[in-house]
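Worksheet: the structure to be examined is printed underneath.
Values quoted throughout were computed directly from the atomic coordinates according to the rules given, and no laboratory measurement underlies them. As the structure is a computational prediction, the values presented were derived from the model and not from experiment. Counting neighbours? That spans all protein chains shown, and the Cβs are built from the backbone with ideal geometry, glycine included.
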Ligand code: G6P
């Protein structure tokens with residue numbers, strides 16, 4: 001079946017806007033709303049016996065894995081190791097007996113990830129795969145197949161596959177936590193409720209499209225852009241920078257907000273836009289104080305937050321984007337939208353080929 005752009009200018013734009021629908025679709029296979037429980041596909045091994053998780057992926061899928069590390073450790077207290085597939089294979093990783101190796105991939109065909117999967121299989125790890133193409137090589141070789149239901153993704157820069165990966169990984173983390181007795185039924189029900197709020201919150205974030213399109217004119221002339229975040233939103237800073245690089249060709253860097261003072265702060269001047277991801281929650285104050293360090297050096301800040309009194313926090317910023325109020329658990333899903341839209345509109349201002357950026361391939365099947 002030919003996939004059409006419909007009323008959208010680009011596939012990437014269409015895929016960004018599909019996220020509320022496809023995340024809801026994906027979640028419907030992983031949560032039981034009536035019972036308020038997470039539910040995984042048939043598993044024929046004892047998940048509570050898993051003592052270590054090794055996550056391996058590339059590109060945007062790798063950043064989904066980074067978010068998952070925070071969740072698995074926080075909720076299930078299971079130690080997580082994560083690596084780029086291309087690094088993992090050649091560093092002689094130590095794989096303990098009883099470990100789960102988790103591979104994340106939109107295509108299920110990325111050569112480095114597939115080779116890492118085969119290596120882990122040969123080493124006796126249990127293989128779980130979060131994948132968007134159910135007929136792919138990775139899907140076929142998995143012990144536990146966790147499909148995302150994002151539908152075909154055409155834009156080379158991944159968007160909807162990423163948020164669907166996060167939805168699956170959050171459900172998996174909750175499932176782990178429940179099986180390991182780390183959360184009780186009431187806590188599991190609470191997590192399920194937050195997850196089910198994600199589609200509406202994604203919709204809320206998409207309402208800022210026009211505002212972000214206007215902001216893109218401020219970003220387009222920049223030579224460098226810095227993205228800052230903390231905790232599970234630090235990988236979102238990395239993903240925001242990756243999206244901007246991929247499609248607008250502007251150099252961008254994602255950094256852990258608290259680590260900025262150890263280097264990147266030297267880059268800050270009036271010409272460097274700094275995108276700050278600061279969802280309300282335990283890390284908000286810390287992130288804002290890092291933001292103030294940027295402001296004191298003349299940096300042009302775009303503050304993305306759902307905090308009360310955003311105007312006050314955003315005083316002196318070039319712009320603020322007010323996100324829907326979300327629980328910190330689902331913030332990484334929801335904050336994906338503004339960074340995707342900012343990259344998308346900046347690329348449109350620059351007139352680059354959004355769906356087919358230079359030098360990039362949708363699926364990299366060479367090592
Ligand atoms: C390529 C694509 C990226 C993608 C990465 C990993 O670089 O351009 O958008 O994130 O491969 O692909 P995968 O299919 O394994 O998720």
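Could you tell me how far the Cα centroid of the range 271-313 sits from the Cα centroid of the range 10-53, in Å?
31 Å
Sequence gap at least 6, Cα distance under 8 Å: using those rules, report the relative contact order of the chain to the nearest whole percent.
Dividing the mean separation by the residue count of the chain yields 20 percent.
From the C-alpha coordinates alone, can you work out the Kirkwood hydrodynamic radius of the range 1-80, in Å?
One over the average 1/r among Cα pairs gives 15.9 Å for the range 1-80.
Bins of 10 Å, beginning at zero and ending with the bin holding the largest distance: percent of Cα pairs per bin for the range 305-367, please.
The calculated distribution, bin by bin, is 17, 32, 29, 18, 4.
At 222 nm, what helix-only mean residue ellipticity would the chain give, in deg cm²/dmol to the nearest 500, using -39500 (n - 2.57) for each DSSP H run of four or more?
-12500 deg cm²/dmol
When 38, 339 are ordered from fewest to most other Cβ atoms inside 10 Å of their Cβ, what list results?
The order, fewest Cβ neighbours first, is 38, 339.
If I model a spin label at residue 123 and residue 297 as a point 7 Å from the Cα along the Cα→Cβ vector, what separation in nanometres do I get?
If labels sit at residue 123 and residue 297, their model points lie 3.8 nm apart.
Would you look at the GNM of the chain, springs on alpha carbons closer than 10 Å, and say which of 222, 205, 336 moves the most?
The residue that fluctuates most here is 222.
With just the Cα atoms defining each centre, how far is the range 55-110 from the range 135-184? Give it in Å.
So the separation of the two Cα centres works out to 12 Å.
Taking springs between alpha-carbon atoms closer than 10 angstrom, which of 263, 124, 298 fluctuates most in the Gaussian network model of the chain?
In the Gaussian network model the winner is 263.
For the range 99-220, how big is the tail of P(r) above 21 Å, as a whole percent of Cα pairs?
53 percent
Return the Rg/Rh value of the range 48-153, two decimal places, where both radii are evaluated on C-alpha atoms and Rh is the Kirkwood radius.
0.93
For residue 194 and residue 2, what is the calculated FRET efficiency with R₀ set at 30 Å and r taken between the beta-carbons, to the nearest 0.05?
Step by step, r from the Cβ atoms, then E = 0.20.
Which of 95, 244, 333 ends up with the largest GNM mean-square fluctuation for the chain, with Cα atoms connected below 10 Å?
The residue with the greatest mean-square fluctuation here is 95.
Points 7 angstrom from Cα along the Cβ direction at residue 267 and residue 45: gap in nanometres?
Output for this residue pair reads 3.9 nm.
Sorted by packing (mean other beta-carbon atoms within 10 Å per residue), highest first, where do 182-193, 272-283 land?
Highest mean packing first, the order is 272-283, 182-193.
Using the scaling law 2.2 N^0.38 Å as the reference, what is the normalised Cα Rg of the range 186-241?
Compared with the compact-globule rule of thumb, the range 186-241 sits at 1.54.
Pull out a ≥ b ≥ c, the square roots of the eigenvalues of the alpha-carbon gyration tensor of the range 164-275, then state rounded if a/c is under 1.5, prolate if not and a/b is larger than b/c, and oblate in the remaining case.
Prolate shape, in that a/c is at least 1.5 and a/b is the bigger ratio.
As a test of understanding, state the convex hull volume per residue of the chain from its alpha carbons, in Å³.
Measuring per residue, one finds 136 Å³ for the Cα hull of the chain.
Quick one: Debye curve from the alpha-carbon atoms of the range 91-145 only, equal weights, vacuum; give me log10 I(q)/I(0) at q = 0.13, 0.20 Å⁻¹ to two decimals.
Rounded to two decimals, the profile gives -0.27, -0.62.
Nearest-5 percent of antiparallel DSSP beta bridges in the chain?
So the antiparallel bridges amount to about 5 percent of the total.
Can you put 196, 360, 100 in order of Cβ neighbours within 10 angstrom, beginning with the fewest?
360, 196, 100
Set the Förster radius R0 to 30 Å, insert the Cβ-Cβ distance between residue 28 and residue 214 as r into 1/(1 + (r/R0)^6), and round the FRET efficiency to 0.05.
Taking R0 as 30 Å, the efficiency between residue 28 and residue 214 is 0.30.
Given that compact globular proteins tend to follow 2.2 N^0.38 Å, what is the ratio of the alpha-carbon Rg of the range 251-347 to that value?
My calculation over the Cα atoms of the range 251-347 gives 1.03.
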